[in-house]
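Here the structure is laid out as structure tokens; the discussion comes afterwards.
The values are calculated or read from the model by the stated rules, or taken from the named source; none is laboratory data. Owing to the predicted nature of the structure, the values given are computational and were not obtained by experimental measurement. As a convention, Cβ positions derive from the backbone with ideal geometry for all residues, glycine included, and neighbour counts pool all protein chains shown.
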Amino acid sequence: MRNPSKKMPSPSDIEKVFEWINKVKKFFEPFKPEFRDMRINYRTSKSEISLALHISNSLKRRIAKVEIPAYQNFVVSEMIDESFSRVQSVWRFDHGKWILSPSILPASEKYLVKLKGEVPREILLNMVRIQPAQNRDQTPELDKYWLDSMIRDVDFIEQIYKKLEIDEVNLAVHVGVQRCFSTTFPKEMKEVLEASQRWTRAGYGRDRSEIQRAWSNLRKVTGASKIQVGDIIQAIYELTLGNIFAEYLLLDLPYSLGEIKREERFMGLFPEKMSVEACADLNLKQPFATGYLTFKKKEYMKKIEDFLSGLRK
Amino acid sequence: MSKVDISGYIVPWALPNEKMPMHVTWSPDVFFDKIHVKVPPSFKILDVLNVDEARLKEHEAIITRVKSLIEGVPCYFGMIISAPKIFEELKMAKKITVEFLRNEKPFYCLELYGRIFRPRLEVVKPPEEVELTDYLEKNKLPLNLRYIGFGDIELKIEATIGGKIVSVGESVVYELLRRLWLSDILEKETEEVEKVVDNDRERRKRELWVEPAYISKMAQELQDKIDKGTIPTEVLDAEAIADLKEWLSDLKTKDKFMDIIYKRTQEMLLSLLLDLFDKNPTNNVELKNAKTVIRTKIATPVTKLTLRLLYKDKMGNEYPSIEIPIQVRDTRTEAHGMLIEMPIHIEKWENEPFMNVEKMRILGETQS
């Protein structure tokens, strides 16, 4: 019998996740710290842990100051008292240390302090396995990509903390868009481009009559078309903005839409594909997530057509 | 077999060599000694997830313990499989069995299907003969192609004469270089043309803006190619490359070179936009080079050339290439040894992709 996966997280991985948390916890020992909740954001590699503290009035009088070095640049993000009110301006950051003066705390004895830190990327990769389909399935209306994410080892998660949530496990799906443009742009546009190219090519040749022919051809073609080359660029630019493109995407639960980016070989011109992030939250109760990302390509192509006919008016 | 709460999932389609994740889940009241997973010989087990103890072979896994059972947490294991060979069939479904055993006896058997799809390119009526004439513009090699199956492909077309590759992909970078070089040596001629155009207001409308970072990148790429001497002689001949290198060795001309690049962006953009049209001739095919041209100097009469169509899918799987032998009728009367320039032109595309493979029933598949 053997441990079958090479990628399973090891006990030392757990220590790495907890490294800064354990160090911080020691400084809170007089206040009987208890872990309440831990969240790891897969997308940003940030972790957030909630610690319940009991700070009695006598302790407030006795301990003048708590100073915690900012291990791995952790941040005290929030402190809440027993009435669930946020306790403002009690923590300050000075010379690489987080400093609290218990004497200035309000009347409450029970507090929840939230700390934010980082989880090394390689550990996150070992915690969760993600994969989108390499190739789309298609219908005349839609392109579909399957999505699959799974916690590699629930034991590991349990050892970290039972209530651990891994938020925004993100998969980047590459949605091809070039063909949407190339098949939607009317033939006249190609003619405008070809005529422009013929003319510029002729400009570098020695054949004077070809220069004349190319120029009159360009005037003829551009005269017949209301669309200019700049319009084509404009259409591509506007229709590949993330917020516009998002309208043509559907995601099955538990996935939700994350960041949308252009993927372009020729920077600043037009994207070959759109990189679409699909995010899911995983936890011990939902250790895997499957579903589809659907691109409504027919509707998107209709949008391109409408955009272009708007230019022609 | 008694009724138990066990279910499984496998991704509904994959290309050859693509990892196919699957998982099996069951309720905590399912007690077993082992789970026996068998995949067909054409598949391979790559990994298992959330498993504590297992014996893994290439085509089977015996799982004896999964990770600890926590209250309220589904019991599950994951498995990653793939089909490492490229099949002849365009679609294929192979059964994967997951048997739960207690006291060495199976009490539940789950069946999942690994479904693999692939693309195929075909030549419709391959050209048998092509004529090589003195009139360069008449020389054209037409092709009719058909795409069937599943998976977007990238197609590269190559032509060989006597085993030597004689075709060049029309790289934008090379195209730009050629134009830049010519634009400098023919400066006077171009100035004349510019005058005609500058008087025309229409030109302003066609001026375009291009990301400066892109132009810098392009300029850098060009310079690197010149410095390393990796410019194919089909783009510029050896003499022109030597001249260009010498010209660029002067710092002042290097600046001038950059200036020209910036000035020529509109034209470059036109090439790129035309690429957009030409590179995606049909819904499932992208051409590696928007245009492929046979460009070579041949002194002796040519009698035969070979076209090779190479294509690969999104996984990078390369499919068997298609070779088309073509007889060349060399009717050139002018001195042999002149440059042959013959664009390979795809006249017609027949596109018959599989639609909705998720729901497609495949022979031998009994899954509901």
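Quick check on A:Gln178: is it over 21 Å from the mean Cα position of the chain (by Cα) and within 10 Å of another protein chain (Cβ to nearest Cβ)? Considered against the rule, which asks whether it is over 21 Å from the mean Cα position of the chain (by Cα) and within 10 Å of another protein chain (Cβ to nearest Cβ), A:Gln178 comes out as yes.
So is A:Ala172 away from chain B (no Cβ under 13 Å), in contact (Cβ under 8 Å) with a residue 12 or more places away in the chain and more than 27 Å from A:Val66 (Cβ to Cβ) or not? It is true that A:Ala172 is away from chain B (no Cβ under 13 Å), in contact (Cβ under 8 Å) with a residue 12 or more places away in the chain and more than 27 Å from A:Val66 (Cβ to Cβ).
Candidates in the stretch B:83-124 are the residues that are surrounded by fewer than 18 Cβ atoms within 10 Å (Cβ to Cβ) and β-branched (Val, Ile, Thr); of these, the one that is nearest to A:Gln138 (Cα to Cα) is B:Ile86. Residue selection: A:Met1 fails the criterion of being closer than 30 Å to A:Val154 by Cβ, surrounded by 15 or more Cβ atoms within 10 Å (Cβ to Cβ) and at pLDDT below 75.
Can you tell me which residue in the stretch A:94-147 is nearest to B:Asn17 (Cα to Cα), limited to those that are among the aliphatic types (A, V, I, L, M) and modelled with pLDDT of 90 or more? My answer is A:Ala133. Remark: A:Pro140 falls outside the filter, which requires a residue to be closer than 30 Å to B:Glu154 by Cα and in contact with a His (Cβ under 9 Å, 6 or more places away or on another chain).
Counted as qualifying within the stretch A:69-160 are the strands (runs of 3 or more DSSP E) with 3 or more residues that are away from chain B (no Cβ under 14 Å), surrounded by 15 or more Cβ atoms within 10 Å (Cβ to Cβ) and free of Cβ contacts under 8 Å to residues at least 40 places away in the same chain, namely A:75-81, A:97-100.
Restricting attention to the stretch B:45-58, the residues that are among the charged types (D, E, K, R) and within 7 Å of another protein chain (Cβ to nearest Cβ) add up to 3. Among the strands (runs of 3 or more DSSP E) confined to the stretch B:257-368, the ones with at least 1 residues that are modelled with pLDDT of 75 or more and either under 15 Å from the mean Cα position of the chain (by Cα) or not acidic (Asp, Glu) (or both) are located at B:285-287, B:304-313, B:322-330, B:339-353.
Within this structure, B:Asp152 fails the test of being touching a residue at least 12 places away in the same chain (Cβ under 8 Å), assigned by TED's automatic domain parsing to the domain that holds B:Arg308 and over 33 Å from the mean Cα position of the chain (by Cα).
Quick one: is B:Ile81 in a strand (DSSP E or B), at pLDDT 95 or above and within 14 Å of chain A (Cβ to nearest Cβ)? It is true that B:Ile81 is in a strand (DSSP E or B), at pLDDT 95 or above and within 14 Å of chain A (Cβ to nearest Cβ). Among the candidates A:Val276, A:Val221, A:Val229, the residue that is under 26 Å from A:Arg39 (Cα atoms) and either modelled with pLDDT under 85 or under 15 Å from the mean Cα position of the chain (by Cα) (or both) is uniquely A:Val276. Residues that are among the hydrophobic types (A, V, I, L, M, F, W, C) and either at the interface with another protein chain (Cβ under 9 Å from one of its Cβ atoms) or assigned to a loop (DSSP other than H, G, I, E, B) (or both) within the stretch B:33-44 comprise B:Val39, B:Phe43, listed in sequence order. Each residue in the stretch B:57-76 was checked for being touching a Lys or Arg at 6+ places or on another chain (Cβ under 8 Å) and either in a strand (DSSP E or B) or touching a residue at least 12 places away in the same chain (Cβ under 8 Å) (or both), and 8 pass. Within the stretch B:1-32, being more than 11 Å from every other protein chain (Cβ to nearest Cβ) and touching a Cys at 6+ places or on another chain (Cβ under 8 Å) holds for B:Met1, B:Trp26, B:Ser27, B:Pro28, B:Val30. Checked against (1) touching a residue at least 12 places away in the same chain (Cβ under 8 Å); (2) assigned to a helix (DSSP H, G or I); (3) within 7 Å of chain B (Cβ to nearest Cβ), A:Trp199 passes all but condition (3). Quick check on my filter: what residues within the stretch A:161-173 are modelled with pLDDT of 70 or more and surrounded by fewer than 17 Cβ atoms within 10 Å (Cβ to Cβ)? If the condition is that a residue be modelled with pLDDT of 70 or more and surrounded by fewer than 17 Cβ atoms within 10 Å (Cβ to Cβ), then A:Ala172 is the only one that fits.
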